[in-house]
Amino acid sequence: MTEFSQDWCAAQDAKDPLRVYRNRFDIPKGVIYMDGNSLGPLPVGVSEHVAKVVDQEWRDGLVKSWNEADWVNLPERTAAKIAPLIGAEAHEVTLADSTSVNLFKAAAAACKLNPKRRQILSEPGNFPTDLYMMEGLANFLGDGYKLDTVPRTDITSAITEDTAVVLLTQVHYITADMLNIAAITKAAHAKGALVVWDLSHSTGAVPIDLNAADADLAVGCGYKYLNGGPGAPAFIYVAARHLPKIQQPLSGWFGHQAPFDFIDAYKPDPGIKRMLTGTTGILGASALFKALDAFDGIDMASVRSKSVALTDLFISLAEAKLSKFDIELATPKNSAQRGSHVSLTHKNAYAIMQALIERGVIGDFRAPNYLRFGITPLYLGYCDIFQAIEILQEIMESGIWREARFNEKSAVT
Ligand SMILES: *Cc1c(COP(=O)(O)O)cnc(C)c1O
């Protein structure tokens, strides 16, 4: 373990080419922020940008700003900054609604493209909203539609002639287990099924190449590794080849080819805008638009190598220093199979996480017994990881987490 001393970590930080990018984030002093996979921190410049949108564009510009500040194209302008992070062309991505709503639109559209088939296939333990939305969609469609779930390891062999769409989250929100988009998409296509990828826990954290993978549809979150702020709008991707035929059920006026003609009949936009529904929340979209500048000039391959190094370091230190406290690893040890967070288990995970947060190490608790740590290479360094594990070790040694104040649950965990 000598190789992972504090001095070793300091030496890694000193030569880390991504270290300068922590200046792009406004993180409170004394905090080691390890929850960027739940709510990304505030990037520098976002407060000023949103203030400008409110004071100049809204207050002074009033309704003229739909044109003069180009609010009307803000979803596409924002999506153009997301496209390179997911290996898509700008005209294949737009910003709309929440991830939950986009899951519904994407899966419904996939069922419509594959109309003879009745199965929606996903995995047990997927992020709950993914399963709830698919259950809702199958119930709503009726006519024999059903949601089936099989473990992600068996997913490709479970695809049959009846599988219309497979819905998978690339990086699992608890375990961080990471799926191979290209391999699974290929296997699904070989059986005539389409795939909707949920990229909520991967966009901005791991390199993604949807076009190279021949992907069909994808959705993802704006407020996690993209740092767009609480409840930021989500994105939706449709491969260019599907765009001319794709139909989505929430055919609102912003998906119309000429929304300002105000005609009765719905005619979808010929391109990605057909995935839009109603008016974009301009304040939220503006925050995300500006936040995406944090990725300017950043190569996702170097983000990935640092993410692997930091998660490897976290895992090695946790195993060496925490296993004696019955804290176990719930994340793949093989880095090729791991996204950018690490989860540990302990039966008192909730209280332990509260004690950690009090000490400035902000991760989160996931039911029933997970301590989850988002490891974002743009603002975390090697010494941060070292210190987080040291503090966790101190909490376990002192047993301070047993105190009553750490055992009271809030509404959001
Ligand atoms: C965070 C997350 C969501 C969030 O959905 P919302 O509609 O934004 O609440 C959905 N799916 C996955 C896999 C997530 O990680």
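Throughout, read-outs are computed from the coordinates displayed, never taken from laboratory work. Only a predicted model underlies this, so the values are computations on that prediction, with no experimental measurement involved. Backbone-built Cβ (ideal geometry, glycine too); neighbour counts: all protein chains shown.
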Next on the checklist: What is the sum of charges, Lys and Arg at +1 and Asp and Glu at -1, for the other residues whose Cβ falls under 15 Å from the Cβ of VAL63?
Outcome noted: -2
Checklist outcome for this item: Hydrodynamic calc, segment 327-413: Kirkwood Rh from Cα pairs, then Stokes-Einstein at 20 °C with viscosity 1.002 mPa s, so D in µm² s⁻¹ is 159 µm²/s
Checklist outcome for this item: By the Kirkwood definition, with r running over pairs of different Cα atoms, the chain has a hydrodynamic radius in Å of 22.4 Å
Checklist entry - What's the center-to-center distance, using Cα atoms, between segment 69-102 and segment 1-56 in Å? => result 24 Å
Item to check | Local net charge near VAL308, Cβ-Cβ under 14 Å (Lys/Arg +1, Asp/Glu -1) | outcome: +2
Next on the checklist: For a quick check, take a GNM of the chain with Cα springs below 10 Å and name the residue from GLY136, GLY374, GLY284 with the largest mean-square fluctuation.
Outcome noted: GLY136
Checklist entry - Binning every alpha carbon pair distance of segment 18-75 at 10 Å from zero, what are the percents per bin? => result 20, 35, 25, 19, 1
Next on the checklist: Of the candidates ASN369, ASN211, ASN67, which one comes out as most mobile in a Gaussian network treatment of the chain with C-alpha springs shorter than 10 Å?
Outcome noted: ASN67
Item to check | Cα-centre dipole for segment 270-409 with unit charges at Cβ (Lys and Arg positive, Asp and Glu negative), debye to 20 | outcome: 540 debye
Next on the checklist: As I understand it, the value is the acute angle between the Cα axis of helix 282-291 and the longest principal axis of the Cα atoms of the chain; what does it come to in degrees, rounded to 10?
Outcome noted: 50 degrees
Next on the checklist: On C-alpha positions alone, give me the angle between the axis of helix 74-86 and the longest principal axis of the chain, in degrees, nearest 10.
Outcome noted: 60 degrees
Checklist entry - Tell me, what is the Rg over Rh of segment 223-284, with Rh the Kirkwood radius over Cα pairs? => result 1.03
Item to check | Fewest-first ranking of TRP71, TRP197, using other Cβ atoms within 10 Å as the exposure measure | outcome: TRP71, TRP197
Item to check | Neighbour count of at most 13 Cβ within 10 Å plus DSSP loop: longest GluC sites (Glu not before Pro)-free window in the chain | outcome: 162-402
Item to check | Bridge type composition, the chain - antiparallel percent by DSSP, nearest 5 | outcome: 55 percent
Item to check | Whole-Å distance, taken between Cα centres, linking segment 362-410 and segment 162-204 | outcome: 30 Å
Item to check | Kirkwood-Stokes translational diffusion coefficient of segment 1-123, alpha-carbon pairs, 20 °C, 1.002 mPa s, µm²/s | outcome: 110 µm²/s
Item to check | Charge context of ILE246, other residues only, Cβ under 13 angstrom, K/R +1, D/E -1 | outcome: +3
Next on the checklist: Is there a quick way to get the dipole size of the chain? I mean about its Cα centre, with the Cβ of Lys and Arg at +1 and of Asp and Glu at -1; what is the value in debye to the nearest 20?
Outcome noted: 480 debye
Item to check | Principal-axis tilt of helix 99-113 within the chain, Cα atoms, nearest 10 degrees | outcome: 50 degrees
